[in-house]
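The values are calculated or read from the model by the stated rules, or taken from the named source; none is laboratory data. Predicted model only: the values in this text are computed from it and were never measured. With ideal geometry, Cβ positions are generated from the backbone for all residues, glycine too; neighbour counts draw on all protein chains shown.
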Amino acid sequence: MGDINIVEGTFEVDGVNLHTKSWLPSGPPKAKLVAVHGFSDHIDRYYELFPSLARRGIAVLGFDQRGWGKSVRRPADRGRTGPTATVLADLAAFIREKALSPSSSSSHSSPADAVPVFVLGHSMGGGEVLALASTPAFDDVVSRIRGWILEAPFLGFAPAVQPNRLTIVSGRLAARVVPNFTLVRPVPPEHLCRDPAVQESLAADPLLHYTGTLEGLSGMIDRAEALASGRLKLRPRVRAVFLAHGTADMVTSYDRVREWWERQGKKVEDGKFKPYEGWAHQLHADPGKEEFYQDVGDWILERAGSDDGRSRPESKL
């Protein structure tokens with residue numbers, strides 16, 4: 001376990017500067033991981049997940065998406081993600097420049113293709129990652145990703161927070177007229193994590209504003225429904241998927257995710273679905289989170305051809 005380097009900066013896309021943060025191994029990376037956060041979240045809220053991966057030789061590259069975290073420069077920016085086309089274009093641009101570029105993630109000279117690239121998405125970010133992996137326009141990116149990690153991806157609401165159908169339909173209609181109209185939709189901290197200390201941290205974090213535009217919220221729901229219904233299907237070049245979900249998740253629907261896995265995920269040649277029994281929404285923050293850290297690191301390193309990964313048996317369902 002070596003030292004790591006933490007680097008913060010900005011990434012410009014379409015005239016917008018987004019906050020970035022990377023956790024880099026001190027030596028040449030064995031793999032690169034692009035991390036995509038969830039709704040009203042930011043890249044600094046993943047506790048020891050990213051440092052632990054970097055200590056195992058995995059370079060973690062993250063950014064605060066439009067409307068979230070430190071990418072919000074003024075109150076009017078809160079939740080202004082843009083439509084799905086913008087969300088996915090931002091993600092693809094970040095992966096191309098920061099993970100697939102020969103000079104990305106390390107000062108050590110090595111060809112980009114020699115270091116396998118993985119993508120992790122949590123919650124809303126998991127739905128975005130799945131949408132990217134299911135959209136033909138991004139095949140140039142998808143074909144170069146070694147594996148996809150989905151942490152409690154948003155494919156539908158858990159029963160405790162499911163809005164009624166009329167609310168969703170009326171919201172979609174209103175989004176066409178006033179797309180930037182904002183709504184505040186707080187998520188109770190106890191729904192996100194079982195750890196009281198994390199719950200207090202969530203309640204006190206000034207960067208968690210829980211504000212979404214009608215355009216952004218409608219896009220998030222539309223992506224989830226397209227994926228859950230099968231209108232969006234994984235592209236043929238998706239080679240490996242690790243799906244992780246807590247069975248007691250009170251934010252995203254475990255049943256919807258399980259159904260997606262049965263219809264699509266298990267058809268991937270190298271696919272793994274691990275339910276975390278009794279765990280809540282944020283696997284990276286829940287009690288016992290070190291198991292999740294180990295599982296993610298093992299899964300990546302096994303596919304990166306690292307002795308570190310091969311020396312550990314893969315966790316069983």
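Annotations for the structure displayed:
- Contact map, the range 259-271: first residue within 18 Å of residue 154 (Cβ to Cβ) and without any contact (Cβ under 8 Å) to a residue 12 or more places away in the chain, second residue among the basic types (Lys, Arg) and exposed (fewer than 13 other Cβ atoms within 10 Å of the Cβ), Cβ cut-off under 6 Å, separation 6 or more or different chains; the map is empty.
- Residue 167 falls short on exactly one of the conditions (1) β-branched (Val, Ile, Thr); (2) part of a helix (DSSP H, G or I); (3) under 21 Å from the mean Cα position of the chain (by Cα); (4) modelled with pLDDT under 95, and that condition is (3).
- Count - residues of the range 172-208 that are among the acidic types (Asp, Glu) and farther than 24 Å from residue 245 by Cβ: 1
- Taking the numbered list (1) crowded, with 21+ Cβ neighbours inside 10 Å; (2) assigned to a loop (DSSP other than H, G, I, E, B) in turn, residue 73 passes all entries but (1).
- Flag if residue 52 is of a type in the set (Gly, Ala, Ser) and within 23 Å of residue 142 (Cβ to Cβ): no
- Out of 280, 244, 240, sole residue that is within 14 Å of residue 130 (Cα to Cα), touching a strand residue (DSSP E or B) at 6+ places or on another chain (Cβ under 7 Å), hydrophobic (A, V, I, L, M, F, W, C) and crowded, with 21+ Cβ neighbours inside 10 Å: 244
- Those residues of the range 132-164 which are over 22 Å from residue 299 (Cα atoms) and of a type in the set (Gly, Ala, Ser), in sequence order: 137, 156, 158, 160
- Enumeration of residues in the range 6-48 that are among the hydrophobic types (A, V, I, L, M, F, W, C), closer than 23 Å to residue 192 by Cα and in contact (Cβ under 8 Å) with a residue 60 or more places away in the chain: 34, 35, 36, 39
- Any hit, the range 53-62, residues being free of Cβ contacts under 8 Å to residues at least 24 places away in the same chain and in a strand (DSSP E or B): no
- Some residue of the range 128-142 being in contact (Cβ under 8 Å) with a residue 60 or more places away in the chain and under 27 Å from residue 4 (Cα atoms): yes
- If the condition is being out of contact with any Asp or Glu (no Cβ under 9 Å at 6 or more places or on another chain) and either touching a residue at least 40 places away in the same chain (Cβ under 8 Å) or in a loop (DSSP other than H, G, I, E, B) (or both), then the range 279-293 contributes only 288.
- Residue 215 being surrounded by fewer than 21 Cβ atoms within 10 Å (Cβ to Cβ) and either under 23 Å from residue 69 (Cα atoms) or touching a strand residue (DSSP E or B) at 6+ places or on another chain (Cβ under 9 Å) (or both): no
- Considering residues of the range 220-278 that are in a loop (DSSP other than H, G, I, E, B) and of a type in the set (D, E, K, R) only, the residue farthest from residue 124 (Cα to Cα): 269
- Qualifying residue in the range 6-13 (condition: under 24 Å from residue 130 (Cβ atoms) and either modelled with pLDDT of 95 or more or surrounded by fewer than 20 Cβ atoms within 10 Å (Cβ to Cβ) (or both)): yes
- Any hit, the range 59-78, residues being over 18 Å from the mean Cα position of the chain (by Cα) and of a type in the set (Asp, Glu): yes
- Residues of the range 220-242 classified as in contact with a Gly (Cβ under 9 Å, 6 or more places away or on another chain) and closer than 14 Å to residue 157 by Cα, total: 7
- Residue within the range 194-208 that is in contact with a Lys or Arg (Cβ under 8 Å, 6 or more places away or on another chain), among the acidic types (Asp, Glu) and either surrounded by 13 or more Cβ atoms within 10 Å (Cβ to Cβ) or assigned to a strand (DSSP E or B) (or both) present: yes
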